[in-house]
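S.K.: Questions regarding the structure given below will be posed in turn.
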Amino acid sequence: MFTQKAKTADAQERALTAASHLLAAGLIEEKNFAAVADVARIFGIGISSQMRRLIDDENREDPIAAQFVPTSAELNVTEQELHDPIGDESHSPMPGIVHRYPDRVLFMPSTACAVYCRFCFRRETVGAGSQGLNDEEVDAALAYIESKEEIWEVILSGGDPFVLSPRRLEKIMLRLQGIAHVGVVRFHTRVPVVRPDIIDEAFIRAIKIQKAVYVTLHINHVQEMSEEAQHACARLIDAGFPMLSQTVLLKNVNADADSLRTLFKRLVELRVKPYYLHHGDLARGTSHFRTSIAEGQELMRALRGHISGLCQATYVLDIPGGHGKVPIGPNYLSETGPGRFVVCDHRNQSHDYSDAVLPIGNE
């Protein structure tokens, strides 16, 4: 794995090392070396051996390389891009906790990932050199969850919680099992795709508790779903963990109807329910990945009626500033009068509809 984050006194050396690893692996060209080293001074770089194996070196538009191999485009920071694009910091009462919604909380025990996505909205807080929670901070975060009876769902994210050792995960899960008001534990992870070898029997035992445990897989393109990844997902599902997926809409990766259709259908075939399609967040240095909302809505229109409802993800925007996610898909209904509407079907044909309460007779 090539991984480096340069934010310490030896930033220059660490950045050059990261760029040198990428050059030696044939993932960047010599002419791009200096720019990639500049990127490595700012953002984490990490590509697992599994993802390296799946990159097509002959395809300059390879969708996997686009997600993990740094480019000079990341040095272009636009005016509207933010250090903390979804407002984690303003909703963090203590290290490792983001409490944005009343009945659920984000718990982030680790800031490490198995890979580092070039579009990540937490790209400035994750990576080598970042500090995850120590044992005392984990205990404090769990005590916070225990003290808030309104918390029904705990979402483990980060970083990637699946990179924690089975021993640490089991300790966390047993604590959550003992909190009566917690009904659901949900993991957000890329590991089953990017490091499927981690999902072994010891790992599964560590996360299996007597509460509902869901696994949400981050996957953006069907080429990520290798045979090993399929087996990892099947092991989780067969062990009793329902699986959902979340996908980020990314220009030059999946921002076309065929790519999304193929991905979502394949996920459903593998018993993974598409859950969210995220509009790209305003993370610094990611403008080359973002589509317009109008483009995203048009893609959702192209999917509606052409793939099963099981394959439909909800297109969402995480409002900058920490105001939460909202669905931003296309609107198929327009009001023309009191209780009267025009409804557009998936063929773009319009139909009148009324739910007005009409009087009976002349009374």
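The values are calculated or read from the model by the stated rules, or taken from the named source; none is laboratory data. The structure displayed is predicted, hence computed values, not measured ones. So basically every Cβ, Gly included, is an ideal-geometry build from the backbone, and we count neighbours across all protein chains shown.
S.K.: So is Ala212 of a type in the set (Gly, Ala, Ser) and within 18 Å of the chain's Cα centre (by Cα) or not?
M.R.: No, not satisfied.
S.K.: Which residues, counting only those in the range 152-192, are surrounded by fewer than 23 Cβ atoms within 10 Å (Cβ to Cβ), of a type in the set (S, T, N, Q) and under 16 Å from Thr111 (Cβ atoms)?
M.R.: Ser157, Ser165
S.K.: Residues Ile179, Ile155, Ile151, Ile204: which one is assigned by TED's automatic domain parsing to the domain that holds Ala239 and in a strand (DSSP E or B)?
M.R.: Checking each option against the conditions leaves just Ile155.
S.K.: Name the single residue, out of those in the range 265-303 being of a type in the set (Gly, Ala, Ser) and not in a helix (DSSP H, G or I), that is nearest to Gln230 (Cα to Cα).
M.R.: Only one residue tops the list, namely Gly280.
S.K.: Which number in (1) surrounded by fewer than 18 Cβ atoms within 10 Å (Cβ to Cβ); (2) among the hydrophobic types (A, V, I, L, M, F, W, C); (3) modelled with pLDDT under 95 marks the one condition that Leu75 misses?
M.R.: (3)
S.K.: Another question about this same structure. Go through (1) touching a strand residue (DSSP E or B) at 6+ places or on another chain (Cβ under 9 Å); (2) within 26 Å of Asn134 (Cβ to Cβ); (3) in a helix (DSSP H, G or I) one by one and return the number of the condition Phe187 breaks.
M.R.: (3)
S.K.: Sticking with this structure for a sec: Only residues in the range 236-250 that are in contact (Cβ under 8 Å) with a residue 60 or more places away in the chain count as the first member; pair them with residues that are part of a loop (DSSP other than H, G, I, E, B) and of a type in the set (A, V, I, L, M, F, W, C), Cβ under 6 angstrom, at least 6 apart or cross-chain, and list the lot.
M.R.: That search, which allows pairs on different chains as well, returns Ser245/Ile219; Leu249/Ala255; Leu250/Phe289.
S.K.: Follow-up. Quick one: would you say Val194 is among the β-branched types (Val, Ile, Thr), in contact with a Cys (Cβ under 7 Å, 6 or more places away or on another chain) and within 28 Å of Asp281 (Cβ to Cβ)?
M.R.: Here the answer is no, as Val194 does not meet what is asked.
S.K.: For the range 1-50, what are the residues that are surrounded by 18 or more Cβ atoms within 10 Å (Cβ to Cβ), outside any loop (DSSP other than H, G, I, E, B) and at pLDDT below 85?
M.R.: Residues satisfying the conditions are Phe2, Thr3, Gln4, Arg14.
S.K.: Of the conditions (1) in a loop (DSSP other than H, G, I, E, B); (2) under 21 Å from Gln312 (Cβ atoms), Thr262 satisfies every one except a single condition; which number is it?
M.R.: Evaluating Thr262 over (1) in a loop (DSSP other than H, G, I, E, B); (2) under 21 Å from Gln312 (Cβ atoms) leaves (1) as the failure.
S.K.: Condition test on Cys311, is it outside the structural domain of Arg271 (by TED's automatic domain parsing), touching a residue at least 12 places away in the same chain (Cβ under 8 Å) and surrounded by 11 or more Cβ atoms within 10 Å (Cβ to Cβ)?
M.R.: No.
S.K.: Out of the residues in the range 60-115 that are part of a strand (DSSP E or B) and hydroxyl-bearing (Ser, Thr, Tyr), state the one that is nearest to the chain's Cα centre (by Cα).
M.R.: Ser110
S.K.: If the requirement is being charged (D, E, K, R), surrounded by 10 or more Cβ atoms within 10 Å (Cβ to Cβ), out of contact with any helix residue (DSSP H, G or I) (no Cβ under 9 Å at 6 or more places or on another chain) and more than 25 Å from Lys273 (Cβ to Cβ), which of these qualifies: Arg340, Arg347?
M.R.: Answer to the check: Arg340.
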